Amino acid sequence: MDSIRITGGKRLEGKIPISGAKNSALALLPCALLTEEKLTLGNLPRLADVDNFSHLLNQLGVSTSVAGVKKGEIGRKMTLEAKEIASTIAPYDMVRKMRASILVLGPMLARAGESTVSLPGGCAIGDRPIDLHLKALEAMGAEIELAAGYVKAVAPKGRLPGGDFSFPVVSVGATENAVMAAVLATGRTQLFNAAREPEIVDLCNLLVAMGAKIEGIGSSHLIIQGVDALHGCTYEVMPDRIEAGSYACAAAITGGSIELVGARPSDMLAITNGLAAAGLIIELTNGGMKVTADGPLKPLAISTAPYPGFPTDMQAQFMAMLAVAEGQSFLEETIFENRYMHVPELRRMGADIEVHGRSAIVKGGNPLTGAKVMATDLRASMSLVLAGLAAEGETEVLRVYHLDRGYERLEEKLSAVGASIERVSAG
């Protein structure tokens, strides 16, 4: 199994290109199931999760072809075509690899009138039930059956009639599934308290480009008027705000200056506000934004929240950064109940962190030292890389397959701005 080896203490400076958003790509890919015409997605990140999702789509009858990629390019262009749905069953051996596989449930149900999907896997960062996905589909007219680890959804008359649903709590995945199911319904669907994340906006914009009728995009009240059919189109995946935020933390923790080429600051105000409050200088550029450390980092108080609040996917990276800040920081995790698994590993490197339930106190200012550490999930693994960049000596991060799920060409991008980092093959 590969690992990543980092020699810390290098100030990072230069430019890092930001890839297409993983969390958006995984919602856009299943839209291919909604039309028999070709869907071409550009700026698609080269990630393990994207590969796994495209393999799942292949099993369902979607053909995929990837345009040639020039050396040094980030992203790629993929054309997907589902002339027919060959199977309406998403099997366990594919779905167990990542939680996002549940996003084929809504579009398959909308197009084929039925869909059977294994209960999903993914990062072990807390209890993430799919009950809201199912309740939203039921409100739109689906009949749901759970048996032997599978969810089977059926539209009794072949197509969903549509309906109204109010999410009791904000759910990104459930909103995505509901929107994709609603676009081919025979009637109107209203979704209240819908997620407002930029990735939801990206999904809605793609569906509109395919011929869907959606009002309220970017708000918590979505109105979807079903249409008889969608057509193909070409669409660019939005830039990854979490990747951009992660590399901004790399500039911060190393006292460096990094231009994030292609980043979209308007999507990441909670992140940039946090960086600015920690003492970073944020400059908008023609092609993105530049983040520069300006003296010692300041402590913060952060609570994760649904968009436009501070994203849970940036909590671990900020924790690593705050471990070297001057003073005591307070973090509260409100989204997932088991998202501090990186804390014991950061402690191995000298970080002073106390966890009390969903709260964490980070006593900054202690020097970090290199160690052999174990990645536990995608964002936790990035926090360990960040700590390694600042640590004295050598850090080895194990289980880097987590990183490969969400960061395209990580070592190459960090090396280009001065990091001493390399992938070590176990074989």
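Of note:
- Selection from PRO296, THR79, VAL117 lying farthest towards where the dipole of the chain points positive, charges on Cβ: THR79
- For the set LYS298/LYS413; LYS77/LYS290; LYS77/LYS97; LYS22/LYS83; LYS135/LYS413, the pairs lying more than 32 angstrom apart at their alpha carbons are LYS135/LYS413.
- Binning all Cα-Cα separations of the chain at 20 Å, short to long from zero, yields these whole-percent fractions: 27, 55, 17, 0.
- Taking every C-alpha pair closer than 8 Å and separated by at least 6 residues, the mean separation divided by the residue count of segment 24-236 gives a relative contact order of 21 percent.
- Each of THR186, THR312 has some number of other Cβ atoms within 10 Å of its Cβ, and from fewest to most they run THR186, THR312.
- Assuming charge only on the beta carbon of Lys and Arg (+1) and of Asp and Glu (-1), the dipole of the chain about its Cα centre is about 360 debye to the nearest 20.
- Listed by chain and number, the aspartates and glutamates whose C-alpha is less than 15 Å from the C-alpha of LYS10, apart from same-chain residues fewer than 8 away, are GLU392, GLU394, GLU411, GLU422.
- The chain - mean residue ellipticity at 222 nm from DSSP helices (-39,500 (n - 2.57) per run, n ≥ 4, rounded to 500): -8000 deg cm²/dmol
- Taking VAL179, VAL201, VAL151 and counting other C-beta atoms within 10 Å, the order from fewest to most: VAL201, VAL151, VAL179
- Averaged over residues, the count of other Cβ atoms within 10 Å places the peptides 20-26, 98-104, 46-52 in the sequence 20-26, 98-104, 46-52, highest first.
- For segment 24-236, size of Cβ-based charge dipole, Lys and Arg +1, Asp and Glu -1, in debye: 340
- Rounded to 5, percent antiparallel among DSSP beta bridges of the chain: 70
- Radius of gyration (Cα atoms) of segment 146-274, expressed as a multiple of 2.2 N^0.38 Å: 1.31.
No lab work stands behind these numbers, since they all come straight from the coordinates. Since the model is a prediction, treat every value here as computed from it, not as a measurement. Methodologically, a virtual Cβ is constructed for each residue, glycine included, from the backbone with ideal geometry; neighbour enumeration extends over all protein chains shown.
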